1. Going by the conditions given, is residue 109 in contact with a helix residue (DSSP H, G or I) (Cβ under 9 Å, 6 or more places away or on another chain), of a type in the set (Val, Ile, Thr) and either without any contact (Cβ under 8 Å) to a residue 60 or more places away in the chain or in a loop (DSSP other than H, G, I, E, B) (or both)?
2. Can you confirm whether region 41-59 contains a residue that is closer than 20 Å to residue 167 by Cα, in contact with a helix residue (DSSP H, G or I) (Cβ under 9 Å, 6 or more places away or on another chain) and not β-branched (Val, Ile, Thr)?
3. Does region 122-136 hold any residues that are in a loop (DSSP other than H, G, I, E, B) and at pLDDT 95 or above, and which are they?
4. Does residue 197 satisfy the condition of being touching a Phe, Trp or Tyr at 6+ places or on another chain (Cβ under 7 Å) and either at pLDDT below 90 or within 19 Å of residue 99 (Cα to Cα) (or both)?
5. Among (1) hydroxyl-bearing (Ser, Thr, Tyr); (2) under 19 Å from residue 290 (Cβ atoms); (3) touching a Leu at 6+ places or on another chain (Cβ under 9 Å), where does residue 158 come up short?
6. What strands (runs of 3 or more DSSP E) completely inside region 1-96 contain at least 2 residues that are surrounded by 23 or more Cβ atoms within 10 Å (Cβ to Cβ)?
7. Looking only at region 97-122, count how many residues are crowded, with 16+ Cβ neighbours inside 10 Å, aliphatic (A, V, I, L, M) and within 15 Å of residue 155 (Cα to Cα).
8. Kindly indicate whether residue 202 is farther than 26 Å from residue 51 by Cβ, surrounded by 14 or more Cβ atoms within 10 Å (Cβ to Cβ) and acidic (Asp, Glu).
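The values are calculated or read from the model by the stated rules, or taken from the named source; none is laboratory data. Predicted model only: the values in this text are computed from it and were never measured. A quick note on method: Cβ atoms are made from the backbone with ideal geometry, for glycine too, and the neighbour counts reach across all protein chains shown.
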Amino acid sequence: MKISGFSFIKNALIYDYPIVEAINSILPICDEFVVAVGESNDETLNLIQQIDPNKIKIIKTKWDESLRVGGRVLAVETDKAFANISEDSDWAFYIQGDEVVHEKYLDTIYDNMMRFKDEACIDGLLFKYLHFYGSYDYVGASSNWYNQEIRIIRNDKSIYSYKDAQGFRKGDNVKLSVQPIDAYIYHYGWVKEPKAMQRKQEHFNKYWHDNKWVNEHVLKADAFDYGLYVKELRPFIEKHPKVMEKRIELKNWKFDHDISLNRMTLKDKSKEFLKNYFRIDFGYKNYKIEKVRKNGDIHW
């Protein structure tokens, strides 16, 4: 079985992306890793070049700044990387520049890729998510955070990145048939040094909205105020991936959240009740979970 990792990145240093940690977190189970490096205003290219040269394949790209609706440019850059993985790879493991996999999940991930490699009905594997906010000590607990997404896809060129690169589709807008696995993606997109987070907010919203919307809705400031946007959070009491340890040690800002102030909305309470007692989940699903029979058992 051959596995290719792939990702895209631009201005990683300016916007404080843990792209090196992201790549290194899954590199042990990848035979190669393709990175679409966009033309940057910092040393992003040099940063990527310093990662394992035996596995890393760099594709230099130029972002189409005219693609300003719905984050479409992010999907285009994802597709550029995917198009350049080796033809003989069985699976393609996608990870974004602010996502990291804990080393404790690598064996589980690899075993599932092996298990479903020859199941033609399975297009990809579905991961669970932890979304960190403000600090490495808190994760989002409200229904506003997406709780699952596809991060491993079959090396099938009819598959493409969907909308703003959150997930994937194939053919004529067909949802992928997937298998959920017991592994998490740690999403650190909302844990940045406040000045870098503010820069990201002011710049990256331009890939979703026009200038008028950005000027009206994005608060101008020297540093991002996490307290203004905080929603329901819960403490994270486990260990972070080893690749994140140095970054966490260098954290130079403080964010605290009093969990007693959490106020679950009636909408969230209703969703939680229906999910826990009736297994009804109203969350957005950019995929189809496929039944697969293995040794007489049905896998979901």
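1. no
2. No; the residues of region 41-59 include none that is closer than 20 Å to residue 167 by Cα, in contact with a helix residue (DSSP H, G or I) (Cβ under 9 Å, 6 or more places away or on another chain) and not β-branched (Val, Ile, Thr).
3. Selection gives 122, 123, 136.
4. Values: touching a Phe, Trp or Tyr at 6+ places or on another chain (Cβ under 7 Å): yes; either at pLDDT below 90 or within 19 Å of residue 99 (Cα to Cα) (or both): yes.
It is true that residue 197 is touching a Phe, Trp or Tyr at 6+ places or on another chain (Cβ under 7 Å) and either at pLDDT below 90 or within 19 Å of residue 99 (Cα to Cα) (or both).
5. (3)
6. Counting at least 2 such residues, we get 3-9, 32-38, 91-94.
7. Going through region 97-122 one residue at a time, the tally reaches 2.
8. On the way: farther than 26 Å from residue 51 by Cβ: yes; surrounded by 14 or more Cβ atoms within 10 Å (Cβ to Cβ): yes; acidic (Asp, Glu): yes.
For residue 202, the condition - farther than 26 Å from residue 51 by Cβ, surrounded by 14 or more Cβ atoms within 10 Å (Cβ to Cβ) and acidic (Asp, Glu) - is met.
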